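Here's the structure we're looking at; comments come further down.
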Amino acid sequence: MHRVLQSCWLSSVLWLLASGLLPADDWSTIYGSICREARQISSSSMAIPYTAGQWTATEAQRRERWMEMLGLSPLPERTPLQAEVTGSLDRGDYVVEKVHFQSVPGAYVIGNLYRPAKVTGRLPAVLYLCGHSKGKVNAPYQANPRWFAQHDYIALVLDPIQLGESQGLHHGTYREGRWDWQSRGYSPIGTEVWNGMRALDYLESREDVDADRLGVTGLSGGGVVSWCLGAADPRLKVVVPVCQSGSIEHVAVDRATDGHCDCAFWINTYRWCWPDIGALIAPRAFLIASGSEDVLWRPYAYRDVAHRIRHQYAALDVSDKFDLVEDLTPHGYTPKLRQAIFTFFNTHLKNDPTPVTDDVTTFVEPEENLQVFDGELPQRDQMRQIDKLLVARPALPTLSPGFDWKAYQAAALQRLRDTTFRYTLSGTQPQLRDVRADGSDGTTIAGSYVFESFDRMTLAMRTLRPAASPTDQSMPVMLAHAMQPEAQSAFGGGGSSRPRVRGAVATATIEVRNTGATSVGTGYLWTARRTFPLLGETLAERQVCDLLAGIRVLREQRVANEIAVYGKGYTAPLAIYAALLDDQISEVVLADVPVTHEDPATAPFLGVLKVGDLPHNLALLYPRRITFIGAMPPAFQWTKDVYEKYGASDKIRTAQVW
């Protein structure tokens with residue numbers, strides 16, 4: 001009876017969420033807007049499976065997009081692996097080789113290779129990927145590859161970055177404040193996938209491995225790498241993620257991002273959910289193994305994901321190659337899960353569907369025996385710098401004679417629209433809900449607007465304009481800007497966020513999300529900033545969306561003949577990118593402007609550094625006006641050079657006040 005009531009309760013909750021009756025759908029909150037967008041992504045993911053013809057026709061584009069979201073487009077060069085076996089352990093029926101190789105020059109990948117003591121011919125090979133504990137020395141991560149070796153497989157188990165003997169960092173935004181990772185288009189899942197691809201290269205190079213029979217599996221963090229690597233590398237014939245399957249909706253609504261470090265997710269430029277990854281793994285053998293009591297990955301999510309993927313396999317007429325196995329267990333293995341996994345590998349790599357009845361052994365090898373470097377890690381390991389090395393950055397133009405600036409400018413702007421700002425503008429018009437006159441002191445008139453942004457987030461805007469005669473309500477120019485995140489109030493026409501201006505200039509302070517009434521505190525801001533990339537966005541991109549929506553409202557109200565944008569400090573990049581997306585904005589006014597997106601304190605935008613840094617992207621405004629309040633930072637000399645070289649030197653200037 002308890003189970004029936006629990007099932008009914010869960011069904012009711014899901015129905016309420018879907019019907020919009022729970023607060024998660026309240027568009028006046030950042031959490032509500034995130035939940036709604038996440039739900040849209042997950043509900044549309046593989047809602048209709050590809051036909052066989054559609055699957056084939058779209059495979060190359062889908063895989064290229066997937067590699068782009070992993071930060072692996074174009075792929076890094078496959079440089080020599082410099083593989084080395086530093087020692088081995090003979091355990092009677094199996095041998096452990098202590099192995100390392102370099103996925104890029106100087107970046108070490110460390111693992112143990114388990115193989116039968118006697119090898120005759122080429123064997124199927126399994127890449128085993130660890131979760132985030134102690135890496136390859138952890139008892140479960142010894143036991144599984146050992147079983148494979150004892151049953152005539154080659155099994156290579158790798159340390160994840162930052163764990164075991166592997167160096168590097170996977171806790172970037174989670175713990176280290178590395179918000180620049182979002183601007184770089186970097187997630188450590190890209191590093192893990194690349195390390196996995198190079199591990200497959202290594203396995204293929206061995207004389208005891210059958211390169212046509214490769215598989216991958218792993219638990220927890222290793223489970224998500226199994227998903228991602230399986231979709232990225234068609235060489236894998238079997239893919240089995242364990243306790244790491246869910247949906248974008250689940251991690252957003254349940255705030256499950258709080259329980260995961262950065263390598264659990266990709267940079268979701270094209271708004272994929274797990275079924276989209278599964279459709280790219282198809283038609284190869286694919287088993288999802290899950291624990292129904294896993295607090296990180298809930299059954300309502302992984303069951304729905306599996307249901308959608310199952311339909312795709314059926315549409316490709318390979319239903320026998322996909323399955324879901326689950327057990328009533330927390331995050332981790334059970335004998336039922338392991339035996340199902342081992343049977344699946346035997347079926348699809350050995351053509352032996354006989355159910356496996358044995359399990360892993362309880363022997364635990366002392367940790368020091370499995371160390372590849374005997375406690376002395378390589379100095380100057382480039383894995384420490386992999387976030388800066390892995391994701392390709394474009395070569396910037398030299399502005400040499402004959403360089404086609406207009407073509408470069410058009411291509412860069414289109415790239416920004418197609419990726420970083422893919423979801424900023426939409427066909428939805430901002431809706432004005434309320435206009436209020438807030439009084440006048442005789443020289444200025446204050447006003448307030450309440451409007452819905454492009455994604456229906458409810459926001460406010462405060463205006464202050466010089467007093468004008470009744471027959472002359474439209475100002476020559478209005479300076480629009482985003483409210484500063486730290487500002488306590490926008491009362492009285494903008495409060496402390498309002499810039500100092502002179503002359504007949506009206507201002508509009510737009511309370512973009514996470515300012516004013518929509519501001520969130522430490523209880524959710526960290527979660528929101530880490531969740532937004534799963535929607536193909538950042539908080540800063542959503543703030544640009546709000547800034548542009550407010551500007552469109554101002555235009556519809558015809559309050560000024562011309563609208564310029566202003567940004568100071570954190571909001572300066574918001575002003576720059578708003579102007580790049582709206583060619584009717586006449587001028588950008590900047591104060592205390594950051595000089596690079598490589599600074600974690602600068603407002604991040606997904607993958608923006610793949611196009612250019614702030615000085616290079618600001619130059620894309622050419623030939624519109626740019627004003628620096630105070631001295632122009634030296635980093636923006638490149639911007640000024642563009643203006644001077646192409647005949648618009650009078651359009652870029654410095655001033656003490658605007």
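The values are calculated or read from the model by the stated rules, or taken from the named source; none is laboratory data. These numbers were taken from a predicted model, which means no experiment stands behind them. Backbone-built Cβ (ideal geometry, glycine too); neighbour counts: all protein chains shown.
Residues of segment 427-446 being closer than 22 Å to residue 492 by Cα and either among the charged types (D, E, K, R) or under 39 Å from the mean Cα position of the chain (by Cα) (or both), which ones?
Going through segment 427-446, the residues closer than 22 Å to residue 492 by Cα turn out to be 432-446.
Result: 432, 433, 434, 435, 436, 438, 441.
Kindly provide the set of residues from segment 214-264 that are over 22 Å from residue 44 (Cβ atoms) and among the polar types (S, T, N, Q), ordered by number.
Once the filter is applied, which keeps residues that are over 22 Å from residue 44 (Cβ atoms) and among the polar types (S, T, N, Q), segment 214-264 yields 217, 220, 226, 244.
Give all pairs with beta carbons closer than 9 Å in which a residue from segment 630-658 that is farther than 10 Å from residue 615 by Cα meets a residue that is part of a helix (DSSP H, G or I) and acidic (Asp, Glu); count only pairs at least 6 apart in sequence or on separate chains.
So the pair list comes out as 643/650; 652/644.
In segment 161-176, which residue that is among the polar types (S, T, N, Q) and not in a helix (DSSP H, G or I) is surrounded by the fewest Cβ atoms within 10 Å (Cβ to Cβ)?
Taking segment 161-176 as the starting set, the residues that turn out to be among the polar types (S, T, N, Q) are 162, 166-167, 173.
From the residues that got through so far, the ones that are not in a helix (DSSP H, G or I) too are 162, 166-167.
Numbers: 162: 18, 166: 26, 167: 21.
Checked segment 161-176; the qualifying residue surrounded by the fewest Cβ atoms within 10 Å (Cβ to Cβ) is 162.
It is to be established whether one or more residues within segment 183-206 are surrounded by fewer than 24 Cβ atoms within 10 Å (Cβ to Cβ) and β-branched (Val, Ile, Thr).
No, every residue in segment 183-206 fails to be surrounded by fewer than 24 Cβ atoms within 10 Å (Cβ to Cβ) and β-branched (Val, Ile, Thr).
Could you list, in sequence order, all residues of segment 332-382 that are touching a strand residue (DSSP E or B) at 6+ places or on another chain (Cβ under 7 Å), in a helix (DSSP H, G or I), surrounded by fewer than 18 Cβ atoms within 10 Å (Cβ to Cβ) and not polar (S, T, N, Q)?
Selection gives 336 alone.
Within segment 120-142, track down each residue that is of a type in the set (A, V, I, L, M, F, W, C) and within 25 Å of residue 351 (Cβ to Cβ). Before you say what the answer is, go through the steps one by one.
Taking segment 120-142 first, the residues of a type in the set (A, V, I, L, M, F, W, C) are 123, 125-127, 129-130, 137, 139.
Residues satisfying the conditions are 123, 125, 126, 127, 129.
I'm checking my understanding of the structure. Among residues of segment 519-552 that are at pLDDT 95 or above and β-branched (Val, Ile, Thr), which one is farthest from residue 454 (Cα to Cα)?
527
Would you point out the residue of segment 208-241, among those that are of a type in the set (Asp, Glu) and over 22 Å from the mean Cα position of the chain (by Cα), that is nearest to residue 119 (Cα to Cα)? Step through it out loud before you land on a result.
Kept after step one, since they are of a type in the set (Asp, Glu), are these residues of segment 208-241: 208, 210, 212, 233.
If we keep only those that are over 22 Å from the mean Cα position of the chain (by Cα) as well, we get 208, 210, 212.
Numbers: 208: 7, 210: 12, 212: 17 Å.
The residue in question is 208.
Name every residue in segment 540-559 that is part of a helix (DSSP H, G or I) and among the charged types (D, E, K, R), in order of residue number.
541, 542, 546, 552, 555, 556
So, of the residues in segment 231-272 that are in contact with a Gly (Cβ under 9 Å, 6 or more places away or on another chain) and of a type in the set (Gly, Ala, Ser), which turns out to be farthest from residue 299 (Cα to Cα)?
Here the answer is 232.
Residue by residue, here is whether (1) part of a strand (DSSP E or B); (2) without any contact (Cβ under 8 Å) to a residue 12 or more places away in the chain; (3) within 24 Å of residue 285 (Cα to Cα) holds:
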{"residue": "109", "(1), (2), (3)": "yes, no, no"}
{"residue": "114", "(1), (2), (3)": "yes, no, yes"}
{"residue": "118", "(1), (2), (3)": "no, yes, no"}
{"residue": "136", "(1), (2), (3)": "no, no, no"}
{"residue": "145", "(1), (2), (3)": "no, no, yes"}
{"residue": "149", "(1), (2), (3)": "no, no, yes"}
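Among (1) without any contact (Cβ under 8 Å) to a residue 40 or more places away in the chain; (2) within 22 Å of the chain's Cα centre (by Cα), where does residue 293 come up short?
Here residue 293 meets the rest and fails (2).
Residue-wise test of (1) acidic (Asp, Glu); (2) buried (at least 19 other Cβ atoms within 10 Å of the Cβ); (3) touching a Phe, Trp or Tyr at 6+ places or on another chain (Cβ under 6 Å); (4) closer than 26 Å to residue 466 by Cβ.
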| residue | (1), (2), (3), (4) |
| --- | --- |
| 507 | no, yes, no, yes |
| 513 | no, yes, no, no |
| 531 | no, yes, no, no |
| 546 | yes, yes, no, yes |
| 560 | no, yes, no, yes |
| 567 | no, yes, no, yes |
| 585 | no, yes, no, yes |
| 590 | no, yes, yes, yes |
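Just give me the residues in segment 514-531 being of a type outside the set (Phe, Trp, Tyr) and in a helix (DSSP H, G or I), in sequence order. Before you say what the answer is, go through the steps one by one.
Filtering segment 514-531 for residues of a type outside the set (Phe, Trp, Tyr) gives 514-523, 525, 527-531.
Residues satisfying the conditions are 516, 517, 518, 525, 527, 528, 529, 530, 531.
For the subset of segment 59-73 comprising residues that are in a helix (DSSP H, G or I) and in contact (Cβ under 8 Å) with a residue 12 or more places away in the chain, which member is farthest from residue 186 (Cα to Cα)? Can you show your working first?
Step one: of segment 59-73, the residues in a helix (DSSP H, G or I) are 59-69.
The next check asks that each one be in contact (Cβ under 8 Å) with a residue 12 or more places away in the chain; those that pass are 59, 62-63, 65-69.
Working: 59: 23, 62: 19, 63: 18, 65: 14, 66: 13, 67: 12, 68: 10, 69: 9 Å.
So the residue we want is 59.
With over 21 Å from the mean Cα position of the chain (by Cα) and of a type outside the set (A, V, I, L, M, F, W, C) as the only criterion, which of 569, 607, 612 stands out? Quick ask: steps written out before the conclusion?
On the way: 607 fails: over 21 Å from the mean Cα position of the chain (by Cα); 612 fails: over 21 Å from the mean Cα position of the chain (by Cα).
Of 569, 607, 612, the one residue that is over 21 Å from the mean Cα position of the chain (by Cα) and of a type outside the set (A, V, I, L, M, F, W, C) is 569.
Checking the condition under 34 Å from the mean Cα position of the chain (by Cα), surrounded by 15 or more Cβ atoms within 10 Å (Cβ to Cβ), of a type in the set (D, E, K, R) and in a loop (DSSP other than H, G, I, E, B), which residue from 393, 422 passes? Lay out the reasoning, then the answer.
Values: 393 fails: surrounded by 15 or more Cβ atoms within 10 Å (Cβ to Cβ).
Matching residue, one of 393, 422: 422.
Would you point out the residue of segment 78-104, among those that are acidic (Asp, Glu) and either without any contact (Cβ under 8 Å) to a residue 24 or more places away in the chain or in a strand (DSSP E or B) (or both), that is surrounded by the most Cβ atoms within 10 Å (Cβ to Cβ)? Don't jump to the end; show me each part of the working.
Taking segment 78-104 and keeping what is acidic (Asp, Glu), we get 84, 90, 93, 97.
Within this subset, residues satisfying the condition of being either without any contact (Cβ under 8 Å) to a residue 24 or more places away in the chain or in a strand (DSSP E or B) (or both) are 84, 90, 97.
Numbers: 84: 12, 90: 9, 97: 18.
Checked segment 78-104; the qualifying residue surrounded by the most Cβ atoms within 10 Å (Cβ to Cβ) is 97.
When you scan segment 177-285 for helices (runs of 4 or more DSSP H) that lie fully inside it, which ones turn up with 2 or more residues that are touching a helix residue (DSSP H, G or I) at 6+ places or on another chain (Cβ under 9 Å) and closer than 14 Å to residue 66 by Cα? Give the steps one after another, and end with the answer.
Working: elements: 180-184, 188-205, 221-232, 248-253, 274-281.
Answer list for segment 177-285: 188-205, 221-232, 274-281.
Could you please let me know if residue 486 is out of contact with any strand residue (DSSP E or B) (no Cβ under 6 Å at 6 or more places or on another chain), acidic (Asp, Glu) and not in a loop (DSSP other than H, G, I, E, B)? Steps first, please.
Numbers: out of contact with any strand residue (DSSP E or B) (no Cβ under 6 Å at 6 or more places or on another chain): yes; acidic (Asp, Glu): yes; not in a loop (DSSP other than H, G, I, E, B): no.
When the stated conditions are applied, residue 486 does not pass them.
Please verify whether residue 111 is modelled with pLDDT under 95 and crowded, with 16+ Cβ neighbours inside 10 Å, treating the condition exactly as stated. Let's see the steps before the verdict.
Numbers: modelled with pLDDT under 95: no; crowded, with 16+ Cβ neighbours inside 10 Å: yes.
Judged against the criteria, residue 111 is not a match.
Being among the hydroxyl-bearing types (Ser, Thr, Tyr) and under 17 Å from residue 273 (Cβ atoms) is the filter here; which residues of segment 299-336 pass it? So that I can check it myself, show each step before the final result.
Of all residues in segment 299-336, those among the hydroxyl-bearing types (Ser, Thr, Tyr) come to 300, 302, 313, 319, 329, 333-334.
Within segment 299-336, 300, 302, 313 meet the criteria.
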